[in-house]
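Working notes, beginning with the structure itself.
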């Protein structure tokens, strides 16, 4: 079979994109062994293709999508190591979205998603029969054009070519046409009316009015495409406006005009160009690879459906959960995305990491009374949720942190109010403020508490491990940087 850089199933390359971007230090034989073991667990009975051949094929696909700009190789004595490297200061658009724009397509896709909309207008109402006639006409023209090309090629080469199955003329399916038309009406691309209003039989369709001026939304779309978990939608809209090509070409022109200088001031000039509204110091790119998973989760939340979620654990163990999705939580600290859901088997609420999910399948609609009960349970637990640990509201840990804030340091108080996820802040003296919270796991606050080191006057918790761990960390810091008799630091 000839090589193609298109892919039928995005899940096939999702693992490899993560492998090259997150790790980027594993050699070919290590990745092949890992994927081979994973494939065995996915399907023990069916015949599997060679993991080595699969690796070579998917690596070549990814490299053709991203190019040498983002995907490179390091050569070691033990072998070559592929990796993806992206400097978020030098890009204005997530390059991983390219993977979604390389899907294969069939004749039906061209027929229903391109030809059909090509002849629909705002000025003419067409019946289903007229639409089918137009589609057949389009296909006949394409079929005749293919035959002409093959005849010309046969004259030049003297070889008679067989007509491939995909080149054969086929009948337009009325059921499929009606289904696609109803889908377009539902999403607002087409309008539908009774044919009686236009002296025609059945329903008639026309192109819907589109009053949205995309260019006026450019900044909002650009921000959405880089920050939202479904930003790939914004990426497609930017493609439509040709914004990505314009931005990238402008960057090259600007960079060529800026003198090369290692100073920080030069870097600031380079990246704070007025032509571009947004640049990101910390840009979480990987959520792009979970877009299809996120979409299915959001559909489940909207329709209040049960979902069957396949999750791979860190130990590469496959787990299948039957859940009711409630909320999606996104960490601004590390970019990870979690699904808050009700586990039907265990009858409890838990959080599942989205990037560990392999597959999400829509199931039956949840009973309305049960769904309301689950929502009430979640509402009771939410005030005590700091990270991913969730449990019984009666078994929480109490945390109190007193910090010192100077008269001219109002920004510290603002930060405290802004970053706290629950609890409250109270002033206890002119320059001291106390943060008070009850949480399921006090240890989850520790990384955040550390950021106030030097200002913490007092730290108390019903979980003694929190204060103990914090004090141990301070002792280690002092041992490393505090200096001693034999150290140069004093």
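What follows is calculated from the coordinates using simple rules that are stated; it is not laboratory data. Because the structure is predicted, anything quoted here is derived from the model rather than measured. Every residue, glycine as well, gets a Cβ built from its backbone with ideal geometry; the counts of neighbours run over all protein chains shown.
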Estimated inter-spin distance, residue 53 and residue 183, nm [label 7 Å along Cα→Cβ]: 3.2
Gyration tensor verdict on the range 331-473 (Cα atoms; rounded if a/c is under 1.5, prolate if a/b is larger than b/c, oblate otherwise): prolate
Extension reserve of the residue 76-residue 400 stretch, reckoned as 0.36 nm per residue once the Cα distance is removed: 111.5 nm
Förster-model FRET efficiency, 56 Å R0, residue 27 and residue 193, C-beta, rounded to 0.05: 0.35
Cβ crowding within 10 Å averaged over residues, with 445-454, 288-297 ranked highest first: 288-297, 445-454
Protection proxy ranking of 192-198, 313-319, 394-400 - average other beta-carbon atoms within 10 Å, highest first: 394-400, 192-198, 313-319
Cα→Cβ-extended label distance, 7 Å offset, between residue 375 and residue 430, nm: 5.0
Spin-label pair residue 479/residue 209, simplified geometry with 7 Å Cα→Cβ offset, distance in nm: 7.4
Gyration tensor (alpha-carbon) shape descriptor, the range 390-487, a/c threshold 1.5: oblate
Mean-position separation - Cα centroids, the range 347-412 and the range 172-208, in angstrom: 45
Calculated FRET value between residue 64 and residue 465, using beta carbons and R₀ = 35 Å, to 0.05: 0.10
Packing-based order for 326-335, 349-358, 110-119, using average beta carbon neighbours within 10 Å, highest first: 349-358, 110-119, 326-335
Gained length - residue 419 relative to residue 141, 0.36 nm times residue gap less alpha-carbon distance: 93.9 nm
Fully extended contour minus Cα-Cα distance, from residue 89 to residue 451, at 0.36 nm per residue: 127.9 nm
